[in-house]
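What follows is a single structure, written as structure tokens, with notes after it.
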Amino acid sequence: MCGIHGLIHLDGKPVEPRWLTAMGDVTAHRGPDDEGQHIDGACGIAMRRLSIIDLAGGHQPISNAEGTLTIVCNGEIYNYRELRTELQALGHRFKTGSDSEVLLHGYAAWGDEVVQRLNGMFDFALLDVRDGRRRLLIGRDRLGVKPLYVLQDGRRLAFATEAKALLQLPGVRTELNREALGDYLHLGYVPAPLSIFRGIRKLPPATLLAVEGGQVREWRWWRLSPQVDRKASEADWVQRIREGIHRSVHMQMVSDVPIGAFLSGGVDSSAVVAAMARHGEGQPIRTYAIGFEGGAAEQLYNELPYARRVAELFGTEHHEIVVKPDVVGLLPKLVWHMDEPIADSAFLTTYLVSEFARHDVKVILSGVGGDELFGGYRRYLGAHYAQRFNALPGWARRVASATAARLPADRHHKWLNMARLAKGFIASAEMGADERYRSYLQVVSRESVAQLMLAAPAGGAEDRVQSAFATQDRLAAAFAAAGRDDELNRMFAVDAETQLPDDLLLLTDKMSMAVSLECRVPLLDHELVEMAAAIPGELKVKGGTLKHLMKQALSPQLPDDILHRAKRGFGTPMGAWLKKELLAVVRELLSPAVVRQRGLFRPEAVSALLADHEANRSDGTDALLALLNLEVWSRVYLDRRAHADVADELKSLAAPRGTVLTRTAVPA
């Protein structure tokens, strides 16, 4: 696990080592254990290393015996031992025991097709100078677990695991990509291939990019199959899921350093811990859980009792952290680490529990991805409730719709959250499947985005950007590419192309690597993903029960109070904080004067959004967090201010809440 970076001059100009050094210095948190670079004339590749496998011998870059192939790799290749054995049978000789060298020899044996044989999370850069050529190949794993940014300006092509590394290169200006602004407001994240930085893009998941002879070629090397298997019985699927989870978790437990697991007590993290306990070879598994100290809103996110229940069940070495986070002080630092703003408060939770776990371990396993694979989100119940709602008489539907529209909404209050969910389901009941799904997923509707954004002069660059948002619907494009007649699996395919890599996996990578912690996601093993994509949707969610099949598969190991507990996301009571502890900060950062000076949004529209949230007329948590994080990002990146200075400024607006870190060991 590390961070990689590099560049190639298309005009043949030699690469200067100092720029590779600068790129590595700004991402040192990704690899505090080692660093290295390799330059061959116009091309240079480099890395920062967090040592996980082959601690003594895995220094990168790694070259073959002839020095004609050189690689840097970020992430882990879990089946490297099997591939190594296969390559040794072909006559390859290895200098190290690292998984990265296996990728190097695999390329020598199989060329670009080597990626098809890899099981792992990775991005890599490989320089091939055999037979007088100079070919740079960069690539990203199937699901996009590891991020990769690309800058291409006609003179050079540069790449890096984090966008901030590219900002260190000469001639690169830090500017907002206005083309991404509408999508960011609409979805709460910036979808690939866009990034929030002008001139910098994300390499999409499962994509290879080659540079040779001044030419750049890019292609997709893997996609989910659209085929659903309706021949297998429910019992068959239950057995396959059970075996698939155990196989994946066992494979991803490979490590030469201490390893642990995030544990919320939810189905996904509990499934991972259960499998780890089975394959732990008699050693207790280290588990880490987080809870919030405070009132009713905070307690809605307190999952510690469930985590303790699972920890006791499997005899883990359990650790807890109870926090009153200094959100004001943390925001600028975390936004800097994220590179891009995001409207998902899970980034804060992920950082805090990662920081806590890093005191003991270097590798952590997470349950990220289980909701997508096996049907765990409430939005997957849309068709179920729509069918029942539309069976009502017309007058009853009209009364229910009118009543729901007047209900207050607050996701951090038990009853008002039920009202919020009811409003969403009723409002979307008569929509088509794709638009109903969009209504659950969006942060700001496309129509409201247009109302929020400032009108631009006709014919100008900003006008063209806004026109591009009006005509380029990236979520619709993902639905068109999904091509499935199974509604639930169609949603899964869209998630796998959009929210999963560009929101959940991005924040998981950035927040764990901010503290030099490698986070693995065994439920996103590509073989498990391919199997889940073939399961009929009516079996994943059955009779209004989310994760029906997965719960059946786990029932021999997990009790009913864990399998069937009320769902709660891995987030924070951000909406409640926006009305209390963070209110003064939000009012200042989103004040008409500040919004007007930033010149991106209509001040009156932002003020109306904040007023509706404060009055519980609507739950504006995600939209306000999107705007708040964008303003913080602008101060850190566009205004080029140190994140510590921005934090001090924000703290002056409201008394910090402080941070309380409490460890509690649960006996095995």
Value of relative contact order over the chain, rounded to a whole percent, pairs C-alpha under 8 Å and six or more apart: 18 percent
Loop GluC sites (Glu not before Pro), region 167-245, which have at most 13 other Cβ atoms in a 10 Å radius of their Cβ (DSSP): GLU175
Net charge dipole size for region 500-576 [Lys, Arg +1 and Asp, Glu -1 on Cβ; Debye, nearest 20]: 380 debye
FRET efficiency, ARG565 to ASP25 (Cβ-Cβ, R0 51 Å, nearest 0.05): 0.65
At 1.002 mPa s and 20 °C, Stokes D of region 310-356 from Kirkwood alpha-carbon radius, µm² per second: 171 µm²/s
Protection proxy ranking, peptides 332-339, 251-258, 556-563, average beta carbon neighbours within 10 Å, highest first: 332-339, 251-258, 556-563
Contour minus Cα-Cα distance for LEU392 and ALA433 (0.36 nm per residue): 12.9 nm
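Compare the peptides 614-625, 503-514 by average per-residue count of other Cβ atoms within 10 angstrom and give them in order, highest first.
Those peptides, ordered most packed to least, come out 503-514, 614-625.
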Alpha carbon centroid spacing (whole Å) that separates region 326-398 from region 234-284: 21 Å
Neighbour cut-off at most 16 other Cβ (10 Å), DSSP loop, trypsin sites (Lys or Arg not before Pro), region 63-151: ARG93, LYS95, ARG133
Sequence-separation-based contact order of region 144-289, relative, with Cα cut under 8 Å and 6+ spacing, percent: 14 percent
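Over the chain, with every protein chain in place, what whole percent of the accessible area is carbon and sulfur at 1.4 Å, could you tell me?
Here carbon and sulfur together make up 50 percent of the probe-accessible area.
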Cα gyration tensor category, rounded, prolate or oblate, for region 131-202 with a/c compared to 1.5: oblate
Charged-residue dipole, Cβ positions (Lys, Arg, Asp, Glu), the chain about Cα centre, Debye nearest 20: 1100 debye
Given (i) 26.6; (ii) 47.2; (iii) 29.3, the label whose value is mean projected area of the Cα convex hull in nm² derived from this model: (iii)
Residue-normalised accessible area of the chain, expressed per residue, 1.4 Å probe, Å²: 37 Å²
Stretchable slack from GLU649 to ALA477, in nm (0.36 nm times residue separation minus alpha-carbon distance): 57.8 nm
Pairs of lysines in region 481-595 (C-alpha under 26 Å apart; 8 or more residues apart or interchain): 9
Three-way shape call for region 484-558 based on the alpha-carbon gyration tensor, with the a/c threshold at 1.5: oblate
Relative contact order of region 473-538, pairs being alpha-carbon contacts under 8 Å that are 6 or more residues apart, as %: 35 percent
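Per residue of the chain, what 222 nm ellipticity follows from adding -39500 (n - 2.57) for every DSSP H run with n ≥ 4, rounded to the nearest 500?
Helix-only estimate at 222 nm: -12500 deg cm²/dmol.
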Distance between region 559-620 and region 473-522 - C-alpha centres, whole angstrom: 24 Å
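The values are calculated or read from the model by the stated rules, or taken from the named source; none is laboratory data. Quick caveat: nothing in here was measured; it's all calculated off a predicted structure. Counting neighbours? That spans all protein chains shown, and the Cβs are built from the backbone with ideal geometry, glycine included. Just so you know, the surface numbers come from the protein's heavy atoms only, side chains and all, with ligands and any DNA or RNA stripped out. Shrake-Rupley method; radii C 1.70, N 1.55, O 1.52, S 1.80 Å.
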